[in-house]
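What follows is calculated from the coordinates using simple rules that are stated; it is not laboratory data. The structure displayed is predicted, hence computed values, not measured ones. Glycine gets a Cβ as well: all are built from the backbone with ideal geometry, and neighbour counts include every protein chain shown.
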Amino acid sequence: MTPIATFFRNLEAKCCTVCGQAMTEQAESYMTECFDCQEKIAKDAYLRHYNKR
């Protein structure tokens, strides 16, 4: 059985699903977008919501 530290150390770099940039947070994180893309997505959603009014 592989030690847990070895398992996580050998995981491939996690990449953003939007821009493809390598992400630096922990591999077991549920994030799929980098912080820059998350910020852009949130801003776009905010603008779409408030432009409907």
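Figure the gain on full extension for residue 38 and residue 7 (residue separation times 0.36 nm, minus the Cα-Cα span) and round it to one decimal in nm.
8.4 nm
Which is farthest toward the positive dipole end of the chain among 41, 7, 18, measuring Cα position about the Cα centre, with Cβ charges +1 (Lys, Arg) and -1 (Asp, Glu)?
41
So if we plug the beta-carbon distance of residue 29 and residue 50 into 1/(1 + (r/R0)^6) with R0 = 30 Å, what FRET efficiency do we get, rounded to 0.05?
With R0 = 30 Å, the Cβ-Cβ based efficiency is 0.50.
As a footprinting exposure proxy, order 31, 1, 23 by other Cβ within 10 Å, with the fewest listed first.
Placing the least packed residue first, the sequence is 1, 31, 23.
Give, rounded to the nearest 20 debye, the magnitude of the charge dipole that segment 7-51 has about its Cα centre when Lys and Arg contribute +1 at Cβ and Asp and Glu contribute -1 at Cβ.
Magnitude of the dipole: close to 80 debye.
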